[in-house]
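Below: the structure, in structure tokens.
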Amino acid sequence: MTNLICLGLAVWDQIFTLEQLPSGGGKNFANSFFEVGGGPAATAAAAASRLGADTALWSRIGDDPVGRRIIDDLHSYGVETKNVRQYSDKNSGLAVVMIDTTGERMIVTPGDPRLDSDPDWLPLEDVTSACVVLADVRWPQGAKRLLNAARQTGTPSVLDADLNSEPDAIAPLVEAAGHVVFSASGLEAFSGQQDTWAGLKLVRDKTKGVVAVTTGAEGCFWIDSDGGIGHQPAFSVDVVDTLGAGDVFHGALAVALGEQQPLPQAMRFAAAAAALKCTRPGGRAGTPDRGELERFLQENRDAKT
């Protein structure tokens, strides 16, 4: 059983499906509406738990009705939440998500800047018993503490290096993480490079760890800790909903690394989990379990992806 600590954002998603995403002002009519838990670290934790990992989330939310729904949803996935700190008179995060018929989405999410950013309360001694840790960039102060603790104990770590409202805060996290996985937009924003390999090489100069980028239909590209390059093509699936696919990738990658899977195998494992999620609606609700993922990998073991 992989012991995984995830740290970062937990929100509540309100999801609307439409024929096409809005391109301007005016009234738009949705085909459907539903709600589910979201947030990069929280969804990664839920995905990891579905894949068989013993998973805990460290996060900050409000002590409000939305926060209680977030906690209840995480419990339904088997995620431990004793270190999800709830703050009175603060707002939990909400995200309005619009998804079109091709599976592409638009997300609008506010954050409550009044949530305490001080990470001194984190039980970093727990890192010594973890097989792997994961952090997103939405709480950089907490992420830095967790990643540094993991480096000091030799614990594998994954950084979900997506876009952040505090771009200058990402560089220390990249330096500290053992595996840095960018979104395509996150890599371009951080490196200033439009070319994938040029961006990865620039980031590689800033860390001794693995650097990678997920690019949707083009798959995942990486440079390993020895400077070797790799590419995991995306699996060919019928896309229904891409919401949460990157978060599922990160959670699955952390599980694989905690199981000491070789890097190419771990990347394939994560890509398959994300691909399966994309075939199902509902963001986090479409996350596969371990049996489904193993069957998918077996069915596609010889297929060109």
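The values are calculated or read from the model by the stated rules, or taken from the named source; none is laboratory data. As the structure is a prediction and not an experimental result, all values here were calculated from the model. Don't worry about glycine lacking a Cβ; one is built from the backbone with ideal geometry, like all the others, and counts go over all protein chains shown. Accessible surface is based on the protein model in full, side chains and every heavy atom, while ligands, DNA and RNA are left aside. Shrake-Rupley method; radii C 1.70, N 1.55, O 1.52, S 1.80 Å.
Details
- Student exercise, region 1-76 dipole from Lys, Arg, Asp, Glu Cβ charges, in Debye to nearest 20: 100 debye
- Region 100-163: trypsin sites (Lys or Arg not before Pro) in DSSP loop, at most 13 other beta carbons within 10 Å: 114
- Working note: Karplus 6.51/-1.76/1.60 with θ = phi - 60° gives region 152-158 the couplings 5, 9, x, 7, x, 9, 10 Hz, where Gly and Pro are set to x.
- At q = 0.12, 0.18 Å⁻¹, base-10 log of I(q)/I(0) for region 176-305 (Debye sum, equal scatterers on each alpha carbon): -0.43, -0.96
- Across region 178-218, Cα-Cα pairs farther apart than 17 Å form 17% of the total.
- Normalised contact order of region 207-281, rounded percent, pairs of Cα under 8 Å and 6 or more residues apart: 31 percent
- Carbon plus sulfur fraction of accessible area for region 120-223, probe 1.4 Å, in percent: 47 percent
- Coil-residue GluC sites (Glu not before Pro) of region 62-150, DSSP, other Cβ within 10 Å capped at 16: 104
- Antiparallel bridges, percent of DSSP beta bridges restricted to the chain (to nearest 5): 35 percent
- Around the amide H of residue 134, modelled in the peptide plane, lie the amide H atoms of 5, 6, 7, 158, all under 5 Å away and 5 or more residues distant in sequence or on another chain.
- Sites residue 32 and residue 104 - FRET efficiency at Förster radius 25 Å, r taken between beta-carbons, to 0.05: 0.95
- Distance from region 11-34 to region 35-76 (C-alpha centre basis), Å: 23 Å
- For region 48-63, 3J(HN,Hα) computed residue by residue from phi via the Karplus equation (6.51, -1.76, 1.60; θ = phi - 60°) reads 4, 5, 4, 8, x, 7, 7, 10, 10, 10, 10, 7, 10, 9, x, 8 Hz, glycine and proline entered as x.
- For region 13-119, size of Cβ-based charge dipole, Lys and Arg +1, Asp and Glu -1, in debye: 40 debye
- The largest accessible area among 163, 122 belongs to the first residue in 163, 122, and the rest follow in falling order (1.4 Å probe, all chains).
- Dipole orientation for the chain: of the candidates 48, 230, 150, 230 has the Cα lying most toward the positive pole (charges on Cβ; Lys, Arg +1; Asp, Glu -1).
- Extension gain from residue 20 to residue 236, taking 0.36 nm per residue of separation minus the Cα-Cα distance: 75.5 nm
- Phi to ³J(HN,Hα) by Karplus 6.51 cos²θ - 1.76 cosθ + 1.60 over region 91-105, Hz, x for Gly, Pro: 9, 6, x, 10, 10, 8, 10, 10, 10, 8, 6, 8, x, 6, 9
- What the chain shows is 44 Å² of accessible area per residue, with the surface traced by a 1.4 Å probe over protein heavy atoms.
- Cα Rg over Rh - region 136-225, Kirkwood: 0.94
- The alpha carbon gyration tensor of region 80-205 gives principal lengths a ≥ b ≥ c with a/c of 1.5 or higher and a/b no greater than b/c, which makes the shape oblate.
- Efficiency of FRET from Cβ geometry, residue 294 and residue 168, R₀ 45 Å, rounded to 0.05: 0.60
- Loop-resident chymotrypsin sites (Phe, Trp or Tyr not before Pro) (DSSP state other than H, G, I, E or B) in region 143-252 with no more than 13 further Cβ atoms inside 10 Å of their Cβ are absent.
- Dimensionless Rg over Rh [region 1-144; C-alpha; Kirkwood]: 1.01
- The alpha carbons of region 104-178 stretch over 37, 29, 22 Å along the principal axes, in descending order.
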